[in-house]
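The values are calculated or read from the model by the stated rules, or taken from the named source; none is laboratory data. As the structure is a prediction and not an experimental result, all values here were calculated from the model. Cβ coordinates were reconstructed from backbone atoms using ideal geometry, including for glycine residues, and neighbour counts include every protein chain displayed. Accessible surface areas use protein heavy atoms only, side chains included; no ligands, DNA or RNA. Shrake-Rupley method; radii C 1.70, N 1.55, O 1.52, S 1.80 Å.
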Amino acid sequence: MSKTFILPADSLRWRVDPGYLQFKSTADLDPAEGIIGQPVAMEAMRFGVECDAPGQNIFVRGTSGTGRTSMVRSLLTELKPQARRRLDRCYVHNFKQPDRPRLVTLPAGEGPIFRKHVKDLADYIQLNLLESLESEPFKTRRDAIGQYTQEEIQRITSPLEKELKENNLALVSLQSGPMSRTVIFPLIEGKPTPPEELLKLLKSGKLSESDLEALEEKIKNFTPRLEEVSREANKSWLQGMTRIREFVEAEARTLLQNFTASLITRLPQAEVVEFIEEVIEDVIENRLDTESREKLPDPQLVYGVNVICSQKNDSSPVITEYTPSVMNLLGTVEPEFVGQGQMVSNYRGIRAGALVQADGGYLILNANDVLSEPGAWHMMMRVLRTGKVEIVPAEAGWFAPIQSLKPEAIDINVRIILIGNSQLYYQLDQFDPDFRDQFKVLADFNSEIERTRLGVNQYAGVVARICCNEGLTHFEASGVAALAEHGARVASRKGKISARFGRIADIVREAAFLAGKSGAELVDRSHVENAVRRTKYRASLPSSRFQELISDGTLMVQTCGAVVGQINGLAVINAGQLTYGFPARITATIGAGQAGVINIEGAASMSGAIHTKGFHILGGLLRHLMQTDHPLAFSASIAFEQSYGGIDGDSASGAEICCLLSALTGVPIKQGLAMTGAIDQLGHIQAIGGVNEKIEGFFDACRSIGLNGEQGVIIPSANDGDLMLREDVIAACANGQFNVYAVKTVNEALEVLTGLEAGELDEEGHFPENSLLELARRKTTEFWTKSMSSPNKKPVSDSN
């Protein structure tokens, strides 16, 4: 009866129809451009790129290796979206608030022009301005103002000088450091004589004391007049200096305004006009005097323009940031080292980050990378929420304090394309309240494409592209066919081929390498199959050790005979991207009692949530199968023997129920068989993952001990379309040395495992005589009777 569930050997692997491929080699094909097999993701991406509504940032969701990043770049290249805006960003010195550098926003391409004009202005200020103010016409006009001032002073002082002369007195100007003062000296022999000389004349007898007293009296009488005249003369002198300074400033302002007129005409933006006016005023205030100018910094340092971002073409900027730290996204202020190792910050050190560089365009980020950088995610979401970027200085150590600088914020309009997986998407959606509002477009990448003629030919186009781009040996049709079959193995789903072209590309490269070493002109099926074998072999150590432990008896796995309450379950282990299957011995014991079914792994806290759920379904399935008129009353325990790690997944629940029923009925299970499959409460065997690896793992165990023709694996019928078994397994099945059984229900599995009919309830609620479930019902009734007759025991309501 069990033979009816055996799958024929030709159904154990999908093979590419030779009619699918009508080319000699991939060199004859046009390389596949764009993204293969992702119509839904492509449509979402197109909408996200072309729609200009707020919050339409894109989250590209999918498994790594499906070409998410490549798709984003190729789509942007294909669409060539126009920039939503194109602006140059510059920073200049803020004369009013030096710690708040001024932002200057200009049309695209004008930033470097602005910088050049301002550099020329700084050169003119440094080299030519004072020379222009020393020109002959300018000096003539300035000297005229000075001459007029002198004439005014002479007009004020002449009457006093005349009167003093008539009294043998004269005005003398004395210099005392930077200051000068006017005093009255007597005229002796026609020459002004200071007081110390008068004393000498007095001592020598040339001047009497009465004459000296008369001179002092005259001087004393004229002193108030002198003070009054000095005040008026000084006032005239100050007015003259003011007129000269105003004249010089006016001339300098005219020269600078004439010099910057062309710049203002070309860039009439308010920020530019205001900055130029501030530069002119600073020059007039601080740089018209040669002595003070030498103490000031180079005009190039103060009056320069720092262009942090310049748009040079019409296409939309597309920036990919591989290290999305806060500094790389926002930008930073790099300090400068001045005398004695001191650091200072100013507008010249401001550097734009990726968000500013991508303004008006697109910024591609990996979600995991953003989240791994401290503060980067919070900052990015704040920028999207506010539309402004605030560039902050890089943090310095405590030993190197620098001047705090806060550049003016930049308003941006950028579309962020975030690449991540499904788990991360749901976590962000759950824990970040702004995520859903800012990333409204979801581009979902499928990890599989249809297993059709089109899908296989798409594989050929991808191979052609890889070979052309990387200079690899091209593939003949058989090589592409083998690669497509490997893609079906990776997908492990009926009617599907893997779209994880990153993994496929690795096989392409290794197969081309092997073909090159063998001197082949084209890569054929043997090279691809060899590349797949080598890939598995390099990660086969865990599997090889496990097979050795089975062969030498360290791990007790039986592959022949029949045992009550024991069955071979199947599990998988992962080695990088590769998965290996292996058998796991499951045992069950049962007796009268009230404890119900005990999950030993669960009791030892070694059972995962999914495995525990699958185990608890056993109680419901037992009730459904038994259909007894009394509660189930027994004590049973189920365990994975020689298992010392955690167990999860429900794929062993089918084997567990069969093992439990064997222990309950005393009917032995064929040890040459292994089983995988999840159960529901109605007895259906449900699909599981890793079916190919599990079959091959048990096949390897049987082969290491010895194939006898009675061995095989029971799988859910829902998985029979997923089979892509190795050629040696298929050959063994074709020769009758090994079998794969596909079952739909627990009843069918029991018939294969025990050789007995499981039995179905008739209209009167009875199972066929001597059927497995009839034996199970009798045994449960027996246990119930013992439970009821046991002293000091209350009847239980039901089993776990």
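Electrostatic bookkeeping for Arg500 treats Lys and Arg as +1 and Asp and Glu as -1; over the other residues with beta carbon under 14 Å from its beta carbon, the sum is +3.
Partners of Lys312 within straight-line reach, counting aspartates and glutamates whose Cα lies under 14 Å from its Cα and excluding those fewer than 8 residues away in the same chain: Asp88, Glu110, Asp359. Three semi-axes describe the equivalent ellipsoid of the range 89-164; taken as square roots of 5 times the Cα gyration tensor eigenvalues and ordered largest first, they are 49, 17, 8 Å.
Ellipsoid fit via the Cα gyration tensor, the range 240-389: semi-axes of 42, 21, 11 Å, each the root of five times an eigenvalue, largest first.
The portion of the accessible surface of the range 29-122 made up by carbon and sulfur, rounded to a whole percent, is 52 (1.4 Å probe; DNA, RNA and ligands excluded). For Lys694, a cut-off of 16 angstrom between C-alpha atoms picks up these lysines, skipping any fewer than 8 places away in its own chain: Lys536.
Take 682-692, 426-436, 182-192 and order them by the average number of nearby Cβ atoms within 10 Å per residue, most first; the result is 682-692, 182-192, 426-436. Divide the volume of the convex hull around the Cα atoms of the range 130-284 by the residue count and you get 146 Å³ per residue. Over the range 225-306, the fraction of Cα-Cα pairs per 10 Å bin, rounded to whole percents and listed from the shortest bin up, is 15, 35, 26, 14, 8, 3, 0.
Within the shell defined by Cβ-Cβ distances under 14 Å, the residues around Asn94 carry a net charge of -3, with Lys and Arg each +1 and Asp and Glu each -1. Only one of [x] 195; [y] 322; [z] 288 was calculated from the structure for volume of the Cα convex hull per residue in Å³, and its label is [y].
Grouping the Cα pair distances of the range 648-782 into 5 Å bins from zero gives a pair-distance distribution of 2, 10, 19, 21, 19, 14, 8, 5, 2, 0 percent in increasing distance order. Based on every Cα atom in the range 498-548, Rg and the maximum pairwise Cα distance Dmax equal 13.0, 40 Å. Relative contact order of the chain: 16 percent, from C-alpha pairs under 8 Å at least 6 residues apart in sequence. Electrostatic bookkeeping for His527 treats Lys and Arg as +1 and Asp and Glu as -1; over the other residues with beta carbon under 10 Å from its beta carbon, the sum is -2.
Partner lysines whose Cα lies under 23 Å from the Cα of Lys786, excluding those fewer than 8 positions away in the same chain, are identified as Lys794. Taking the Kirkwood radius as Rh and the Cα radius of gyration as Rg, the range 66-113 has a ratio of Rg/Rh equal to 1.29. Using just its DSSP H runs of length 4 or more, each adding -39500 (n - 2.57), the chain gives a mean residue ellipticity at 222 nm of -15000 deg cm²/dmol after division by all residues. Residues in the chain average 49 Å² of solvent-accessible surface per residue, probe 1.4 Å, ligands and nucleic acids excluded. With respect to the chain, whose longest principal axis is taken over its alpha-carbon atoms, helix 110-127 is tilted by about 30°. Loop-resident trypsin sites (Lys or Arg not before Pro) (DSSP state other than H, G, I, E or B) in the range 43-143 with no more than 16 further Cβ atoms inside 10 Å of their Cβ: Arg84, Arg85, Lys96. Net charge dipole, the chain: roughly 900 debye, given to the nearest 20, about the Cα centre with Cβ charges of +1 for Lys and Arg and -1 for Asp and Glu. If you take the beta carbon distance between Lys96 and Asp728 as r and set R0 to 56 Å, what does 1/(1 + (r/R0)^6) give as a FRET efficiency, to the nearest 0.05? Efficiency, from the Cβ-Cβ distance: 0.10. Normalised by the number of residues in the range 105-260, the mean separation of alpha-carbon contacts (under 8 Å, six or more apart) gives a relative contact order of 30 percent. Principal-axis analysis of the Cα atoms of the chain puts helix 68-79 at an angle of about 60° to the longest axis. Remark: for residue pairs Lys440/Lys494; Lys494/Lys744; Lys295/Lys406, the C-alpha separation exceeds 24 Å in Lys440/Lys494; Lys295/Lys406. A simple packing score, the average count of other Cβ atoms within 10 Å per residue, orders the peptides 459-467, 768-776, 324-332 as 459-467, 324-332, 768-776, with the highest score first. Both the radius of gyration and Dmax for the range 24-116 are 21.1, 75 Å, in that order, over alpha-carbon atoms. For the range 695-770, the pair-distance distribution built from all alpha carbon pairs, in bins 5 Å wide starting at 0, is 3, 14, 21, 20, 16, 11, 6, 6, 3, 1 percent.
Helix 270-286 and the longest principal axis of the C-alpha atoms of the chain enclose an angle of approximately 40°.
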